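Worksheet: one structure, shown below.
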Amino acid sequence: FCARDRVGKKPFKYYLDDNVFLFASELKAILTQPEYRKEPDYLAIHHYLTLQYVPAPLTGFIDIKKLEPAHSLTIDLKTKAIRKERYWKLDYSHKLRLSEAEWKKRLIMKLEESVKLRMISDVPIGAFLSGGIDSSAIVALMAKNSKAPIKTFSIGFEEEKYNELRYAKIIAEKFKTDHTEFIVKPDAIELLPMLVRQYEEPFADSSALPTYYASKLTRNHVTVALNGDGGDENFAGYTRYSAFQVSTLLDRLGWLNRLIGVPITRLLARSIRNTFFDRLHRFSKSLSDDYRRRYLSYTAYFTNEQKTALYTKQFREKMRGQDTYAVIASRFQESGSKNRTEQAVYADFVTYLPEDLMTKVDIATMTVALEGRSPFLDHELLELSARIPFGLKLKGLNNKKYILKEALRGIVPDEVMFRPKMGFGVPIDAWFRGELKDYAREKLLDGQLVKRNLFKRS
C-alpha cells in the first residue's frame, strides 16, 4: 500500500513489471536498478513543451509513473493487480454565505494557526521573503508569534523589472527581521547541468534557478524555511484568471472577433515582434474556442500550432492525436463549481501547483537539505478557502485575491499589498539575447534535439 500527500508537496515514483515493484521519491533511484531499461517517453516531451512540466502519471521515462497527489495505490504482488483510489479532493460546490467581516476573521485565524503549526521545530527556522503578498503575510504572522527576530531570505536580479528586493526590504524593516539577500547573475547558468540532474524529468520553470539559490542561501543559516506557496491557487491570484473572466463575458462577440479581432491581432503579432501583441493575438484567437481550451491557450508555452511548425515530419506523425490541452481541460469539471474561472483555479490546483510549483520547491530545497513548509497549503485552510464564494476571491474583473487582501489590511503594508504582481520571474529573455546567446545556440542547434530528429533545425 502506497499513498501520496494531499497537495503533492512530495513525489512518489514507481515501476511495476512481472518481476519487480520499484518505488522511490526520485527517478535516479529507479534508473540505477538493473530491472529497468532506460527509455525516453516522447509523449512526455510533447506535453512538456506546452506545459513546461510532465503531467502525471508520466515522468519522461517509459513505464515509470508518478502517483497523483491525494491518491493511494494498492498492489497485489501475486496477481500484479493495481487499484488506484483518490482519498481527498477539494469541493467548490458548497459555499458558506458569511459577511466579509466574518470571512476576514476566519481567514486570519486559520492562516495564523497554520503558520504557528509550521513554526514548531527543534532546528533553526526562517522564511523565504519575495516581497509579494503571500510571503509577506507569512513573515508578518511569524514575527507576531516569535520572541526572537525571524530570519528572512530574498533573491534579486540586476535587471530592475525582475527585481523585488525593495519590497522585501520594506517587510524586513517593518517586522525587524534578520534579513539576507543575494543577486543572481547570468553566470548562474553554470548550475544548469546540476539542476537538470536534480530535476530529472523535463522541467522548464526558469524560477527553479533563483529558488535553488534562495534555498542554498537559506540553508547556510537555517534548516527549515516557511514560504508563501499556494496563495495564488487558494485565492485566484494569477493575471490569467482576470483575462479568462473577461473572455467569458466577450463570448457573445465571437463572430465580431473572428471578423475583425483575429486578423488585426495576427498582423500586429507578426509585424511587431512583441510579447504583448503575441498574447493579444492568442487571446483574440481563443475567443472562438471551447472555454477550457481557451484557458490553456493563455498558459501554453508552445501552442499546438507552434509544435506543428517545430516538429519534424516523423515526430509529428508519432504525436498525432495526442492532445496536451485535453489533459488539463478534463480536470475542469472535477471542481464541482459552475463558475468557469473557479474551474480553471481548480485545474491549476491539481496540475500546475503539484507538477510545477511543488516540484520546483521540493527539489530545490531537498538538493541543499533544507525543509520547506507551506502554510497556505494546510489542508484545513484549503478546505475553508474552497467554501468562499468566488466573487470574494476575484471581485469584478480584475480585483484578484480580494478577500485575502482585505483580511491582511493593517498586517501587510499597502505599498506591498497593492503593487503590481511580478511573480518569481527570471530575465532569460535578456540573458539568451546577451551573455548566454552562444550557449543557447550550441545547446539547441548542435545537441541531441536535432540528432534525435525531433525538431526541425531551422
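The values are calculated or read from the model by the stated rules, or taken from the named source; none is laboratory data. Because the structure is predicted, anything quoted here is derived from the model rather than measured. Positions of Cβ are backbone-derived with ideal geometry, glycine not excepted, and every protein chain shown enters the neighbour counts. Areas reflect the complete protein model, heavy atoms only, side chains present, ligands, DNA and RNA absent. Shrake-Rupley method; radii C 1.70, N 1.55, O 1.52, S 1.80 Å.
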Relative packing of 404-410, 82-88, 137-143, which averages over residues the other C-beta atoms within 10 Å, highest first: 137-143, 404-410, 82-88
Options PRO55, ALA44, PRO69, ranked by Cα towards positive dipole end of the stretch 1-73, top entry (Cβ charges): PRO69
FRET E, pair GLU85, ARG293, Förster distance 30 Å, beta-carbon r, rounded to 0.05: 0.55
The chain - mean residue ellipticity at 222 nm from DSSP helices (-39,500 (n - 2.57) per run, n ≥ 4, rounded to 500): -12000 deg cm²/dmol
Net charge dipole size for the stretch 359-458 [Lys, Arg +1 and Asp, Glu -1 on Cβ; Debye, nearest 20]: 580
Selection from LEU394, MET194, LEU141 lying farthest towards where the dipole of the chain points positive, charges on Cβ: LEU394
Label point distance in nm, GLN306-ARG441, each placed 7 Å from Cα along Cα→Cβ: 2.2
Estimated distance in nm for a label pair at ASN398 and LEU250, the labels positioned 7 Å out from Cα along Cα-to-Cβ: 1.3
Accessible-area ranking of ASP134, ASP17, largest first, probe 1.4 Å: ASP17, ASP134
Nearest-0.05 FRET efficiency for THR74 and LYS185, computed from C-beta distance (R0 41 Å): 0.25
Gain in span if fully extended, GLU371 to ASP278, counting 0.36 nm per residue against the direct Cα distance: 29.5 nm
Check: the stretch 1-54 dipole with +1 on Lys, Arg Cβ and -1 on Asp, Glu Cβ, in debye: 340
For peptides 47-60, 109-122, sequence by mean Cβ density within 10 Å, most packed first: 47-60, 109-122
DSSP H segments from the chain that extend 24 Å or more along their own axis, Cα-based, with Kyte-Doolittle mean of 1.6 or above: none
Cβ-Cβ FRET estimate between ILE428 and ASP63, R0 fixed at 41 Å, reported to 0.05: 0.80
Calculated log₁₀ intensity ratio I(q)/I(0) where the Debye formula runs over C-alpha points of the stretch 1-127, q = 0.13, 0.14, 0.15 Å⁻¹: -0.77, -0.84, -0.90
Linear extension gain, GLU383 paired with LEU449, 0.36 nm per residue minus alpha-carbon span: 19.4 nm
Approximate spin-label separation GLU113-LYS313, in nm, with each point projected 7 Å along Cα-to-Cβ: 6.4
Whichever lysines have a C-alpha closer than 25 Å to that of LYS104, once near sequence neighbours (fewer than 8 apart) are set aside: LYS89, LYS95, LYS116, LYS144, LYS174, LYS338, LYS393, LYS395, LYS400, LYS401, LYS405, LYS421
Net charge, GLN343 excluded, C-beta distance under 14 Å - Lys, Arg +1, Asp, Glu -1: +3
Simple Cβ-charge dipole of the chain, Lys/Arg +1 and Asp/Glu -1, about Cα centre, in debye nearest 20: 1140
Accessible surface of the chain, 1.4 Å probe, proportion on carbon and sulfur as whole %: 53
The stretch 198-252 shape via C-alpha gyration tensor axes, a/c threshold 1.5: prolate
Sequence-separation-based contact order of the chain, relative, with Cα cut under 8 Å and 6+ spacing, percent: 23
Around GLY132: net Lys/Arg minus Asp/Glu count, Cβ-Cβ under 10 Å: -1
Sequence ranges 206-219, 444-457, ranked by mean other-Cβ count within 10 angstrom, highest first: 206-219, 444-457
Surface per residue (accessible, 1.4 Å probe) for the stretch 19-125, Å²: 55
Neighbour net charge for SER114 - beta-carbon separation under 9 angstrom, K R +1, D E -1: -1
The stretch 101-118 residues near the modelled LYS174 label - backbone nitrogen below 20 Å, point 7 Å along Cα→Cβ: 104-116
Cα shape, the stretch 135-259, gyration tensor, a/c 1.5 rule: oblate
Antiparallel DSSP beta bridges within the chain, as percent of all bridges there, nearest 5: 50
